[in-house]
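Each value in this text was obtained by applying a stated rule to the coordinates, not by laboratory testing. Just so you know, these numbers come straight off a predicted model, no measurement behind them. Because the Cβ atoms are built from the backbone with ideal geometry, glycine has one as well, and the counts that use them run over all protein chains shown.
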Amino acid sequence: MEQLFYKILKFGLVGFSGLLIDFGTTWLLKDRLKANKYLANCTGFSLAVISNFMLNRVWTFQSHNIHWEGEFAKFVLISLIGLALNTGFLYLFHQSRFKLPFYFAKFLATLVVFIWNFTANFIFTFS
């Protein structure tokens, strides 16, 4: 149980670094370069996925699987599902029902998707 706790903690720290990459990229594209906010969201999320895979593989799950390409493919698939969930929750929280400010809605969507990402990667990618 203690190992699981540390994996969740590490996953969370890696996720926080990804959050900084995601939010920073989204802000740069959306607010500075005036790109579409959903395109900016997808780009930020994608860059964070690549960073998170590398950090989680080495640090969180300490994978020694020589077939890292398969792990990456699984991680990307889980992340794409997470992206769909993230974008759906972002839309729900920001434009649909709740009308929350964009970045607060993005933060809440990210928290919800964290549960999906950890569970799926723990069971499927790095088991």
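Data table
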| read-out | value |
| --- | --- |
| Rounded to 10°, Cα long-axis angle of helix 2-27 versus longest principal axis of the chain | 30 |
| Unsatisfied cross-links (Cα-Cα over 26 Å) in the set Lys34/Lys74; Lys30/Lys99; Lys30/Lys74 | Lys34/Lys74; Lys30/Lys74 |
| Along principal axes, Cα extents of the chain, largest first, whole Å | 42, 28, 20 |
| Nearest-ten-degree value, helix 102-120 long axis tilted from longest Cα axis of the chain | 20 |
| Label-point gap, in nm, between Ile115 and Leu28 - each point 7 angstrom along Cα→Cβ | 3.2 |
| Rounded to 10°, Cα long-axis angle of helix 68-91 versus longest principal axis of the chain | 30 |
| Amide proton proximity set for Ala35, modelled H, under 5 Å, gap of 5+ | Lys30 |
